[in-house]
Structures are given as C-alpha cells and as structure tokens.
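Everything below concerns the one structure shown next.
The values are calculated or read from the model by the stated rules, or taken from the named source; none is laboratory data. Predicted, not measured: the structure shown is a model, and the values here were computed from it. Cβ sites come from the backbone with ideal geometry, for glycine too, and all protein chains shown count toward neighbours.
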Amino acid sequence: MNVQQRSGSGPMAQSPRSPSSQPPYLTVSVSDPAKMGNGVQAYISYKVITKTNLPEYEGPEKIVIRRYNDFVWLRDRLFEKYKGVFIPPLPEKSTVEKFRFSAEFIEMRRQALDVFVNRIASHHELQQSYDLRMFLQADEQSMERARSQETGIFKKKPADFMQIFKDVQSRVSDVVLGKEKPLEESNPEYEKLKNYIFQLEDHLAEAQKHAYRLVKRHRELGQSLSDFGKAVTLLGNSEGNNLGKAFADLGAKSEILSAKLQREAHHLLMNFEEPLKDYVRAVQSIKATLSERANAFRHHCELAETIKFKEIDMNKLRLTRSEKLAEAEREYEELKADGAEATRRFETIVKLMNEEILRFQEQKTIDMGLAFHEFAKGQAHLAKGIADAWRSLLPKLESCST
Amino acid sequence: MMTLENQSYEEAHPLPKSNGSKSILHDPLSSSSPFVDIPTDDADPLHSSTPNPSPNSINTILEPPSYAEAVFGSFDLDSPSSINGHDHSPSSEASQSFSSDYLKISVSDPLKEQEVSNSLVPGGSYFYSYLITTFTNLSEYNGTEFNVRRRFKDVVALSDRLGQSYRGFFIPLRPDKSVVESQVMQQNEFVELRRAALEKYLTRLADHPVIRRSEELRMFLEASGKMPLMRTTDVASRMLDGAVRLPKQLLGAESEGVGVADASELTQPAKGGRDLLRIFKELKQSVTNDWGAAKPLLLEEDKEFLERKDKLQDFEQQLSSVSLQAESLVKAQQDIGETLGQLGLAFVKLTKFETEEAICDSQRACAADMKNVATAAVKASRLYRELNAQTVKHLDKLHEYLGVMLAVNNAFTDRSSALLTVQTLLSDLSSLNLRIEKLEAASSKIFGGDRSRIRKIEELRDSVRVTEDAKNCAVREYERIKDNNRNELERLEKERHDDFVNMLKGFVVNQAGYAEKMANVWETVAEETSVYAKI
C-alpha cells in the first residue's frame, strides 16, 4: 500500500534533505509465511519487505523476518507512545491448536498483518515512530532482545482497562469492587461517542458472526451438491440410454458447481468476513484508546486535586513561617509542572481522538465499501456461474423427451 | 389424470403461470382435451408470461418477482393437484389412450364419529371419517359426481381387495396405519396428515390405467352408505378355520385329493390363507427348491424378466441414495437462505444505527452502502426459500418412485408365490403318479388282481385328476401374473423415463432461473459499490 501524503499533513512532506523528484513513499508487505521449528515451539515466520525512499531508512529495500509476537510488540509500543491515536488492530492469537497451522488461518493472519503494518506506515503520526523503523529494519537478534526487554509496565493488555468501562450505565461493579466512583468526563459529546463505540461493536460483531456462518454455509452447500452429483451419476450409469447420460451430465455439473461454491466460500472469507472482523477489532482498539483517555483524565483530575491540597498546605506553612516552606514550595512547583503535563497529555489525547474519529470513519467507509463490493461481485459471479452451468444442460434434456 | 406441475400454484402465487394452460380441475365436464396451449417445457414454473414465449429458449428474461406482493406460504405443496400421479410430458399425450378420460378424487372434511360397537365397555371409541369426492367421465361409473364417507378401515379393505384381484400389477401402496404416530401427534395434525395421504393414494389409484377401471375402486368411490366390499377376515380366524380343516385333510387326504377343491383359492398365495396343508406343502417345496438336489419342475425361465428385475434392484438402490442426498441438498439450500436473511437483518440494524448516530458524512455514505447490501441479502434469502420450495417439489419424484419400487416388489412377489404354487402341485402330481405306478406294479404280480389295491389305484387316479385341474388353474394364474408383470414393466419404463426427464428439466430450469435472479440482485449492488473497487 502506497503512502500518498495527505495534502499538507505530516512533516515528511517538508523534509529538506531529499530534493528527490519522486514523492516520498513507504511501502511494506508481509508475505511468505514459513513454519519454523518443531513441536510445541513451532511458529510461523513472515517476510516483511520495506520499500522506501525516506532518509530515515537504510536503503531503498529491506527484508526482515518477523513473527507474530514481533507485531504484538510493535502494537504495544505504539499504544504506549501514541495515546489518543487509534492503533490499528492485530489478528487474534489462535486458541485452537490444530487450527494454528491450517493454510486458511495462516493466510487470514498474513493478510491481517499486512494490513496492520501498512496502516501504521500510512498514518501520519505513527509512520514517524522509531519503533516502526526498528520493526522494519532491525535484524532478528535485536528484535528478539527488544521483545524480551518488555517489562510488565509496558505489557499491559488494553483489555485490562476494559474492566472499568464494562457498563457505561451503572457503576455498581465499581462499588462492589470497593472502588470509588471513577472520575469521568461529563462532556456530552464524549458520552455520545462512548455509547456509539460500544453499540457499534455489538452490531458489528453480530454481522461478522453471520458473515462467518455464511462462509460455512457455502462450504456445506458445495459439499452436499457434490454428494448429490455423485449419487446422480451412479444412477445415470445404472440407467444407461440417453436419460442415463442426462443424469450423468447433471452429476458432473453438480461437481463443477460444488467447486465453484468452495472457491466462493474462500473469497467470501478473505474479502468480506475478514474485513468485517477487522472492523470489529478496530472498534475494540478504539475502546482501548477510550480507556487511555479516561486514565489521562483521571490522572489530570487527581493531580489537580493534589495541587489544591498542596496549595492549602503551603499557605498554612507560609502563615506559620515553617522551615518546611521552601521544600513545600519546591514540591508545589513540581506538582504544578506535573499537573500541566498531565493536562497537556489529556488535551493531546482529546485533540488526537477527534481527528482520529473522522479519519477512522472515512477509512472505514472506504474499507467497508470495498468489502461490500467484493461480496456483491462474488455472489453475482457465483450465481451467474450456477445459472450458466445449469442452462447448458437443457439442450440435452430437451432432446431426451421424445 | 394428466396434471401439470404448474397446477399446484394457488392464485395468489406471484410467479407467472405457464401460458394459460387450462386446468382440468376447474373444468371437469369439459370434453375437450385438457392439453390446451402447453409449450413443451411447461415444467418451468418460472416461465415468463411475456407475450413472446419461445418455449424452448431458456434465455427468456425471467421476471424478478415483485417482493411487495410476494406471499410466502403460497407454495401449497400439499395441494390436491400437486401430487397427481405421473406428470406426463404433453409430447407423450398422443400415446395415452385415455387422454380425455378423467377420474379426479379429493379427500376432505374429516369428521369424528362414534364407534358403534357391541362391546361391554360403555362410552365407545371414536374414529374419523373422510368425505371422498369424485368427478369422472369414465364409462364404468354410474354418473359423473359422487360423494361418500369412508374411514381408514375401508381404505385398508380396498387395498387388500385390490392386492388380491390384481396380482402382478404395480399397485400403489396405501398409507400406513401409523399406530404410533396417531398416539403421539396432535390429533388435528395427524388427521390432516392422513387426509393428505389418503388423497395422494386414491389419486395414484385413479392414475393407474387398469386399476382406475376396477370394480373395487368404483364401489369404494360410488356406493353410499357402508362400504359393501367384503373385508377379508383377519389372519387369526383364517388360521382357526385352517386348523379345523387340517386333520380332515390329513386323514381323508386320499379322498379329498390335495384338498384344493376350490380352484379360486389357487389364485391367492398360500400364505395367509385357510389351507394349512397347502401352506406346509408349498413351504416344503420352497425348501426343496433352495436346498434340494433336484431342480423343480418349472423354473423361472424368462431371462429377460430376470435381467429387468436385477436392473430394477440396482435402480432402486441408486434411487435411494440419490433421494438421501437430495434431502441434504435441500437442507443446505435452506440453511444458506436462512443465514443470508440473518446477515441482511444484521446489516439493516447496523444501517439504522449508523444513520441515527451519524455525525459525519462518511458515516452516512457507509450507512447507505450497508442498506443496499442488506436489501440484497434479504432478497437473496427469499429467493433461496422459493428455490427450495420448488426443488422439493421436483425432487419429490424420487421419493415417489421409491414407493413405486415397493409396489413393483409386491408384484414380483405375487409372481414368485404363484410359481411356487405351480411347482408344488407339479411335484404333488409326480409323487401321486409314482405311487400309482408302484401300486400297479405290485398288484400286477397278484393273480386276479388285488381288490384293495385296485380300489386304492382308483382313488389315486381321482386325486390325480383333481390335482391336474388344480395345476392347470395355477399355471393359468401364473401366466396371467407374468403377463401383468410384463405389461406393467413396460408401462413403468415409459413413465419412468418421462417422469425423470421432466423432473430433471424442472430441477435444472428452477436452479438456473433462481440463480439468474440472484445474479441480477447482486450485480446491482456491485454496480452501486463499484466506486470503491480497487483499481
């Protein structure tokens, strides 16, 4: 996926160092999954090919080998560093052992990883990340070192924050847990956004569930059509004469159509169900960002509280002309700086989120539009193929009736 | 009765009927040929009623149904006319000798009646009676319209009598007694099921070229009041009668001959009859046939018949497996239709949600796209449902022929049991003659003759005469059954060929038609979303 710089956004467009006639580009692809290792330790590795003319990168092309956990590392780093930005989602870890190495699963994952990296590479903030550069260029050993250096602090799963947001309406769970009512923004727009995101996830998840089932149904129909065709062929063979031939033809056509159905099932999976799944994941990623925002807000509020109390303390000390005043004043100044920092962080997140929401909606419309198009195209193609195949049998059937 | 598949559509059916073919059902007294205006592929229920139907061109643009008017459930699969015997393609109408004769039967109006019994238990039991309505112009009948009330027992009696009188014919099987179902199911469900099954059965009888003219059927349909058909008594009382007779047969067998004084009994198989001795003898004969060193005196020689029998067995097997797969195909079609519908609904909900919550234009655009997809998915789901209803109709032929195969097997059993009777009598004859020979040889040695032996010989000669008559009677019966088998086999071949060709055509046209409709639906959406297509 080529990164065409959006008009005027991002500093890359203004890079003074490269007077290249070509516009700057950063293209990444994830390909060639290969099974590495044996037994329980086995995993899949992917080739990540970077093509770029950006000066921060070494050379026009770089190929590295990465595995799933490396992508997870990248996602986590970005999530830490770029609060407020909707980090592109990753495909899930597989829970079913034997499914892990099925060709279909590997292909689905490869596609999702490819989309993941490209989204990062085309995001005007994220593409500047040092971690991205490291991911795209570092040799395998450095990558491994970086991965294992991840301390517990960074390793927090976004899902962990979800507990607090479990239900937007009631805070009962928090009371039960002994937590005080957490500080929440009382901004109505924000409330609306939160509600929207949560409900959107539910709706999308349902649609995705049915999309997945539809894939299965195509496979089942293909299978039963194939069985039917086989039985009909046998009947035709025992029948003999031209009617028997007609039966045999019907059987053959059924087999052909069965294959078409299987192909369409795969096409449906990769080009409709997976994009829908991706949409669901994206919304979940947004939820993670929402929790980051809430954390930042709470942090900012807590500091504000602390500063207030500190101020009161300080004034008390001032009145009593205590020696502790100087220290208190120093601490106060520090706190004020922290407070300002926290406020700034929070406001950055808010600003980023507002931009991100718009960008997200636009991108989603395009992504889903394409998915719908592929869905419709696939179905139309399949239906037409079916119609043609059946129609081709009719001349012979006509000749059968005396 | 020649019926056409499209007659099963109710008026409310949204799909256009085949070019105005007049339904015989609505015009029973018309003496004109029922086959007006029927294009050769009238099996196509989707055939457009556009003014220029070139019947053999399946490239006619099939009209998409108007969804606003679509009445689902208008596919009345159990409608009386839909399962009328064999669907003969009109091109074969010329070869049908009774193309203008009809016998139309319908079963309706189940009524609960009290059993009039002499039992000691007060508060009698109930049974259901059904109104049997017949329209006909056959010469055997005394009139053109009849209405009688019959109960299931009467149908069983009819079926038994037909089985006796028409040995060797492929007689359609009557509905099951379904004792278990009648206890387990809801009463009105069960009664409705039975009503439909009875109608199907009687209609099949009416379609059989020979049985439709039978006396038994006529009496069943015509005679008002209690049914006059003599019911064959139950097995138990027959056995009792037979048991009474047996000692006499064994003791006085010499004078009574083989005990087959009543030649008409020979026209029935031994099993289930009163003549226990005959049963024993035929059983002995069949064992001899299977295990004895000597060949029976008459064999099933008709090689052609044996070949056909084998082929039919093969056919039955294949048919059974196709029928099974057809069922699972129908299920798969149903499932995919359902899932498409659910997907569509999920997107409808999403569309509504996005439209309500929209804060930017791209959301509205997305919602609009979703709406198109949702509508298409729901449409496709409906199409699948319709497709399936049609598929069931066409592939039902397979199930029907499985029933026909059962009737065929019965007819073949008639033949083999008749053969067994002949073989038994033949071996009786030969053993009688052997005894006569021995006696004659022994008595010739005595000067002046042996009075007792001579008397014995006379008795045996009487037996031989009686047995000869019986044998000739049995042979005639056997030949008759063989004839019936042969004629029926020919009829079956022809009808089977026609029926299956029509079934295939119907199935294929149906699939093609609906696939085309679905393609149209999706192509529209693909168009609408083509702006997003990857370059």
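Here is a check on your reading of the model: is A:Leu352 farther than 17 Å from A:Val115 by Cβ and either more than 7 Å from chain B (Cβ to nearest Cβ) or hydroxyl-bearing (Ser, Thr, Tyr) (or both)? Answer is yes for this residue. Is it true that B:Gln318 is touching a residue at least 40 places away in the same chain (Cβ under 8 Å) and either crowded, with 16+ Cβ neighbours inside 10 Å or touching a Leu at 6+ places or on another chain (Cβ under 8 Å) (or both)? No: the conditions fail for B:Gln318.
Residues of segment B:357-372 being at the interface with chain A (Cβ under 7 Å from one of its Cβ atoms) and either surrounded by 15 or more Cβ atoms within 10 Å (Cβ to Cβ) or out of contact with any helix residue (DSSP H, G or I) (no Cβ under 7 Å at 6 or more places or on another chain) (or both), which ones? Give the derivation first.
Here is the first cut: in segment B:357-372, the residues at the interface with chain A (Cβ under 7 Å from one of its Cβ atoms) are B:357, B:360, B:362-363, B:365-366, B:369.
B:Glu357, B:Ser362, B:Gln363, B:Ala365, B:Cys366, B:Asp369, listed by residue number.
Would you say A:Ala340 is at pLDDT 90 or above and loosely packed, with under 14 Cβ neighbours inside 10 Å? Spelling it out, A:Ala340 is indeed at pLDDT 90 or above and loosely packed, with under 14 Cβ neighbours inside 10 Å. Candidates A:Arg293, A:Arg318, A:Arg359: the one that is in a helix (DSSP H, G or I) and either touching a Phe, Trp or Tyr at 6+ places or on another chain (Cβ under 7 Å) or within 14 Å of chain B (Cβ to nearest Cβ) (or both) is A:Arg359. Assessment of segment B:475-496 against the conditions (hydrophobic (A, V, I, L, M, F, W, C), in contact with an Asp or Glu (Cβ under 9 Å, 6 or more places away or on another chain), more than 30 Å from A:His381 (Cβ to Cβ) and part of a helix (DSSP H, G or I)) yields at least one matching residue.
For segment A:352-388, the set of residues classified as more than 23 Å from A:Val280 (Cα to Cα), free of Cβ contacts under 8 Å to residues at least 40 places away in the same chain and of a type outside the set (D, E, K, R) consists of A:Ala380, A:Ala383, A:Ala387, listed by residue number.
Residues that are over 22 Å from A:Arg359 (Cβ atoms), within 13 Å of the chain's Cα centre (by Cα) and assigned to a loop (DSSP other than H, G, I, E, B) within segment A:57-107 comprise A:Glu92, A:Lys93, listed in sequence order.
Filtered by the rule that a residue be assigned to a helix (DSSP H, G or I) and within 19 Å of A:Asp202 (Cα to Cα), segment B:350-363 gives B:Leu350, B:Thr351, B:Lys352, B:Phe353, B:Glu354, B:Thr355, B:Glu356, B:Glu357, B:Gln363.
Kindly evaluate B:Leu329 against the criterion of being crowded, with 16+ Cβ neighbours inside 10 Å and farther than 26 Å from A:Ala248 by Cα. The answer is no for B:Leu329.
Residue by residue, here is whether (1) more than 30 Å from A:Lys384 (Cα to Cα); (2) modelled with pLDDT of 90 or more holds:
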| residue | (1), (2) |
| --- | --- |
| B:Ser452 | yes, no |
| B:Asp483 | yes, yes |
| B:Lys505 | no, yes |
| B:Asn510 | no, yes |
| B:Lys517 | no, yes |
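Okay, residues lined up against (1) in contact with a Gly (Cβ under 7 Å, 6 or more places away or on another chain); (2) more than 9 Å from chain A (Cβ to nearest Cβ); (3) aliphatic (A, V, I, L, M); (4) assigned to a helix (DSSP H, G or I):
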residue: B:Phe305; (1), (2), (3), (4): no, yes, no, yes
residue: B:Asp310; (1), (2), (3), (4): no, yes, no, yes
residue: B:Gln313; (1), (2), (3), (4): no, yes, no, yes
residue: B:Gln318; (1), (2), (3), (4): no, no, no, yes
residue: B:Val322; (1), (2), (3), (4): no, no, yes, yes
residue: B:Gln333; (1), (2), (3), (4): no, no, no, yes
residue: B:Thr339; (1), (2), (3), (4): no, no, no, yes
residue: B:Val348; (1), (2), (3), (4): no, yes, yes, yes
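For A:Leu214, indicate whether it is buried (at least 19 other Cβ atoms within 10 Å of the Cβ), at the interface with another protein chain (Cβ under 9 Å from one of its Cβ atoms) and over 25 Å from the mean Cα position of the chain (by Cα). The answer is no for A:Leu214.
Is it the case, given these coordinates, that A:Ala389 is modelled with pLDDT of 90 or more, part of a helix (DSSP H, G or I) and more than 7 Å from chain B (Cβ to nearest Cβ)? Steps first, answer last, please.
Working: modelled with pLDDT of 90 or more: yes; part of a helix (DSSP H, G or I): yes; more than 7 Å from chain B (Cβ to nearest Cβ): yes.
Judged against the criteria, A:Ala389 is a match.
Being away from every other protein chain (no Cβ under 14 Å), over 30 Å from B:Ala377 (Cβ atoms) and not aliphatic (A, V, I, L, M) is the requirement here; does B:Glu495 meet it?
In short, no.
Pick from A:Ser254, A:Ser224, A:Ser258, A:Ser238: which is at the interface with chain B (Cβ under 8 Å from one of its Cβ atoms), under 18 Å from A:Gly385 (Cα atoms) and not aliphatic (A, V, I, L, M)?
On the way: A:Ser254 fails: at the interface with chain B (Cβ under 8 Å from one of its Cβ atoms); A:Ser258 fails: at the interface with chain B (Cβ under 8 Å from one of its Cβ atoms); A:Ser238 fails: under 18 Å from A:Gly385 (Cα atoms).
Going through A:Ser254, A:Ser224, A:Ser258, A:Ser238 in turn, just one is at the interface with chain B (Cβ under 8 Å from one of its Cβ atoms), under 18 Å from A:Gly385 (Cα atoms) and not aliphatic (A, V, I, L, M): A:Ser224.
In a residue-by-residue description of segment B:457-474, the property of being modelled with pLDDT of 90 or more, part of a helix (DSSP H, G or I) and within 30 Å of B:His399 (Cα to Cα) applies to no position.
Residue under question is B:Ala470, and the condition is that it be touching a Lys or Arg at 6+ places or on another chain (Cβ under 6 Å) and crowded, with 19+ Cβ neighbours inside 10 Å; does it hold? Can you show your working first?
On the way: touching a Lys or Arg at 6+ places or on another chain (Cβ under 6 Å): no; crowded, with 19+ Cβ neighbours inside 10 Å: yes.
Against the criterion (touching a Lys or Arg at 6+ places or on another chain (Cβ under 6 Å) and crowded, with 19+ Cβ neighbours inside 10 Å), B:Ala470 does not qualify.
So, in segment B:160-191, exactly how many residues are free of Cβ contacts under 8 Å to residues at least 24 places away in the same chain and assigned to a helix (DSSP H, G or I)? Steps first, answer last, please.
First, the residues of segment B:160-191 that are free of Cβ contacts under 8 Å to residues at least 24 places away in the same chain: B:176, B:178-190.
Restricting the remaining residues to those that are assigned to a helix (DSSP H, G or I) gives B:179-184, B:187-190.
So the answer is 10.
Residues that are free of Cβ contacts under 8 Å to residues at least 12 places away in the same chain, within 14 Å of chain A (Cβ to nearest Cβ), over 30 Å from B:Glu400 (Cβ atoms) and touching a helix residue (DSSP H, G or I) at 6+ places or on another chain (Cβ under 7 Å): does segment B:511-522 have at least one? Looking for residues that are free of Cβ contacts under 8 Å to residues at least 12 places away in the same chain, within 14 Å of chain A (Cβ to nearest Cβ), over 30 Å from B:Glu400 (Cβ atoms) and touching a helix residue (DSSP H, G or I) at 6+ places or on another chain (Cβ under 7 Å), one finds at least one in segment B:511-522, hence yes.
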